[in-house]
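As structure tokens, the structure follows; a few thoughts come after it.
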Amino acid sequence: MAQEILIDAEHLYRYYGPTCAVRDVGFQLAKGDVLGFLGPNGAGKSTTMQMLTGNLAPSAGTIRVRGIDLLDAPKRAKHELGYLPEQPPLYREHTVDEFLTYCGRLHRVSGDHLRVAVGQAKQRCGLGAVGKRLIGNLSKGYQQRVGIAQAILHNPAVVILDEPTVGLDPIQIREIRALIRELGNDHGIILSTHILPEVQGVCNRVQIINRGQLVFSDTMAGLEQHLHSQHIIVRLRNAPAPAELLQLPGVAALELLDDGRLRLRYEGTNPAVALAEIAVARGWGLEELIPERRTLEQIFVELTMQDTPIDTGDTGTHPTETEAA
Ligand code: ADP
């Protein structure tokens, strides 16, 4: 069954004076999605997030939250949104309970509903034992949990988190990521981050923005395809002449690496299985056979350092490569 679409944003533009900070950006977020939103500084992430949360009017474009137009009916649409800004507006001199109760009132939750909502948000964010503590005395990790608790307090369909793990220690980062994954079961989540492994560890979809425009938008599975580099690394104890290797089906080029291993570029089907069988049959002494993968970081750098569209595998011909005839 198709998942419910929670956010549908189309053709978003935002000008600051003559500067176009966001150009024709679209977003679709379905229930259960944890969408990673990546881009270098100045790319337009904050501008986009502020438009999606109803804090900044787009110069052009439409944003619907569960079908409700954010510009026509901002109150109703914002009720479906929870937002953790990069600098959470926490009151350090409030206790956790006081602060969350206050936030609930801002969302027009009251009476018994408010007590239940505060209790549930605390429980989901692991804050059960610290309700009476002053926020200013909590660790940064716990303060971030309070920020997330205020974002989910009114049980919004969509939770938007801006750099939620910045400044946390590795254990706190693990805990907050686990919490985000768990929230992804019940909400749609947009996660803006600079931390690429965070996207791989937490998200099921990824969008990359550069100079105001989307340069990549795919599922994590789609991204996996881009991570395959069309290269395999091989170590052979008795390597044959290059010409013999280049005759293997699919092998397009060959490069000798400094450590004595060979880097084969292929086209079409990965020749690893055929190569292993032939290496055994011909006594080449196969010691290593590793599919080479690009990292998300490499893809990110390629997309954001140049204006070219994404390369679908081949990282380019190396000067020392021997090409197949
Ligand atoms: P990011 O969050 O990816 O770092 P921003 O959305 O903050 O990017 O900024 C995108 C572009 O818009 C940048 O060139 C930035 O200088 C510009 N910009 C952002 N906010 C304003 C503003 N209030 N006035 C003028 N220019 C702005």
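The values are calculated or read from the model by the stated rules, or taken from the named source; none is laboratory data. Here the structure is a predicted model, which means the values were calculated and not measured. Positions of Cβ are backbone-derived with ideal geometry, glycine not excepted, and every protein chain shown enters the neighbour counts. Each accessible area value is taken on the protein alone, full model and side chains, heavy atoms only, with ligands, DNA and RNA left out. Shrake-Rupley method; radii C 1.70, N 1.55, O 1.52, S 1.80 Å.
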Condition met for Gln3 (away from the ligand (no atom under 14 Å from the Cβ) and either outside any loop (DSSP other than H, G, I, E, B) or buried (at least 19 other Cβ atoms within 10 Å of the Cβ) (or both)): no
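Would you check which residues across the stretch 177-193 are closer than 18 Å to Asn155 by Cα and open to solvent by less than 50 Å² (accessible area, probe 1.4 Å) and list them? Break it down stepwise before answering.
We begin by selecting, within the stretch 177-193, every residue closer than 18 Å to Asn155 by Cα; these are 179-191.
If the condition is that a residue be closer than 18 Å to Asn155 by Cα and open to solvent by less than 50 Å² (accessible area, probe 1.4 Å), then Leu179, Ile180, Leu183, Gly184, His187, Gly188, Ile189, Ile190, Leu191 are the ones that fit.
Would you confirm, using the coordinates I've provided, whether Asp186 is charged (D, E, K, R) and within 16 Å of the ligand (Cβ to nearest atom)?
Values: charged (D, E, K, R): yes; within 16 Å of the ligand (Cβ to nearest atom): no.
It is false that Asp186 is charged (D, E, K, R) and within 16 Å of the ligand (Cβ to nearest atom).
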Extreme residue, farthest from Leu214 (Cα to Cα), among residues of the stretch 57-66 that are open to solvent by 60 Å² or more (accessible area, probe 1.4 Å) and away from the ligand (no atom under 16 Å from the Cβ): Arg66
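Each row is one residue, and each column tells you yes or no for (1) under 30 Å from Lys45 (Cα atoms); (2) in contact with a Cys (Cβ under 7 Å, 6 or more places away or on another chain); (3) in contact (Cβ under 8 Å) with a residue 24 or more places away in the chain.
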residue: Val206; (1), (2), (3): yes, no, yes
residue: Gly212; (1), (2), (3): yes, yes, yes
residue: Ile233; (1), (2), (3): no, no, yes
residue: Leu236; (1), (2), (3): no, no, yes
residue: Leu246; (1), (2), (3): no, no, yes
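Can you go through Leu196, Leu161 and tell me which one is aliphatic (A, V, I, L, M), within 25 Å of Arg14 (Cα to Cα) and surrounded by 15 or more Cβ atoms within 10 Å (Cβ to Cβ)? Full working, then the answer.
Working: Leu196 fails: within 25 Å of Arg14 (Cα to Cα).
That would be Leu161, the only listed residue that is aliphatic (A, V, I, L, M), within 25 Å of Arg14 (Cα to Cα) and surrounded by 15 or more Cβ atoms within 10 Å (Cβ to Cβ).
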Pairs, first more than 6 Å from the ligand (Cβ to nearest atom) in the stretch 38-56, second among the aromatic types (Phe, Trp, Tyr) and not in a loop (DSSP other than H, G, I, E, B), C-beta under 7 Å, six or more apart: Leu38/Phe300; Leu52/Phe27; Thr53/Tyr83
